[in-house]
Amino acid sequence: MPLPDAFQARLRLPAIAAPMFLVSGPDLVIETARAGIIGAFPALNQRTSEGYAAWLDEIEDRLSVASQDGSRPAPFGVNLIAHATNPRLDQDLKITVDRKVPLVITSLGAVSDLVDAVHSYGGLVFHDVINVRHAEKAAEAGVDGIIAVCAGAGGHAGTLSPFALIPEIRRFFHKTIVLSGAISNGAQIAAVQLMGADLAYLGTRFIATQESLAPDAYKAMLMQAKAADIVYTPSISGVNANFMRQSIVAAGLDPRNLVSHGKLDMGAEAKVWRDIWSAGQGVGSIEDVPSVAELCTRLEQEYEAARTALAA
Ligand SMILES: Cc1cc2nc3c(=O)[nH]c(=O)nc-3n(C[C@H](O)[C@H](O)[C@H](O)COP(=O)(O)O)c2cc1C
């Protein structure tokens, strides 16, 4: 399976802790990298480009301390939203290139100029897609990896089963394929590889960790919610996304009678996502709020047990 050279031998598990708006910050990224899993955060989690640059410097500094004790952390990534309503894209890309961020995850637009800029310093670009048409465009733009965001994923999810989408993408894309959607344990990470993808992409599971920026009430709601509580709607963010029914009700809205919010506008998203909490259908498997280190150890044990059981 095609894992980029930069990732070979640096990962304890074939997994990425997915970037999440208002949830992923330096602590989450640093602890996942130390635990041997790729961590990532959206540049927009800092209010300004200067703040984004400061987070990158902090992550580099703290990870270089980790390297001095002999351990080599996993690479980390940032998420850039390539959408017309993101006025910071050019400036954030410049900072990303200056700092030579190892992995850039793009959503909402695969831009070949961006891919060239990241390749110029040896970085990699993975792009989020929810269907084959977007995957073909991303492949044409020269990305190094495609993230198949399947049914049940947190955030702006797709509707396709991974059993359908992964083989269709694999037919024409021979680089890294990442599978996203409702992955909560290590056996499922092993299943991702069995299905023909290379890396698992876990979002919701990492919201319920000590290092995530989510408020405690959000983490508590995740432990109570089940798959049936996840509402898939375009009404909240302007693009189809999954939210917890309980948080829609807590915000004073009726999940069965949502009024359209209009088109996606990255300038206004923080207001929405701060009050209404997104999660994927994997919530039903979340029962605790461990540290990232504890969670990664558990994921590894489950992953190895699943592989051993299969081999037997
Ligand atoms: C609260 C939340 C915020 C998210 N924000 C972003 C984001 O800013 N950019 C992005 O590319 N994906 C975002 N996502 C999607 C995740 O990167 C990932 O695709 C998804 O969480 C995986 O599905 P899972 O949550 O079922 O594990 C978000 C997901 C959640 C749950």
Note to self: When the residues of region 150-184 are narrowed to those that are over 13 Å from Gly282 (Cβ atoms) and aliphatic (A, V, I, L, M), which ends up farthest from the ligand (Cβ to nearest atom)?
What the structure shows: Ala164
Next item on the list: Those residues that are farther than 21 Å from Asp144 by Cα and either touching a helix residue (DSSP H, G or I) at 6+ places or on another chain (Cβ under 9 Å) or surrounded by 14 or more Cβ atoms within 10 Å (Cβ to Cβ) (or both), I need them from region 74-103; list them, please.
Entry: Thr85, Asn86, Arg88, Gln91
Checklist line | Only listed residue being within 21 Å of Pro4 (Cβ to Cβ) and within 16 Å of the ligand (Cβ to nearest atom), chosen from Gly51, Gly77 | finding: Gly77
Next item on the list: Please indicate, with yes or no, whether at least one residue in region 186-199 is of a type outside the set (Lys, Arg) and within 11 Å of the ligand (Cβ to nearest atom).
Entry: yes
Next item on the list: Sort out which residues of region 237-281 are over 17 Å from Ile130 (Cβ atoms) and touching a strand residue (DSSP E or B) at 6+ places or on another chain (Cβ under 7 Å), and write them in order of number.
Entry: Met244, Arg245, Ile248, Pro255, Leu258, Met266, Ile276, Trp277, Ala279
Note to self: Conditions first: (1) touching a residue at least 60 places away in the same chain (Cβ under 8 Å); (2) more than 19 Å from the chain's Cα centre (by Cα). Asp275 passes all but one, so which condition is the exception?
What the structure shows: (1)
Check: Which condition does Pro26 not pass, out of (1) under 22 Å from Ile189 (Cβ atoms); (2) at pLDDT 95 or above, if it passes all the others?
Finding: (1)
Next item on the list: Determine whether Leu56 is assigned to a loop (DSSP other than H, G, I, E, B) and at pLDDT 95 or above.
Entry: no
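The values are calculated or read from the model by the stated rules, or taken from the named source; none is laboratory data. This structure is a prediction, so every number in the text was calculated from the model and none was measured. Quick reminder, even Gly has a Cβ in these numbers, built from the backbone with ideal geometry, and neighbours come from all protein chains shown.
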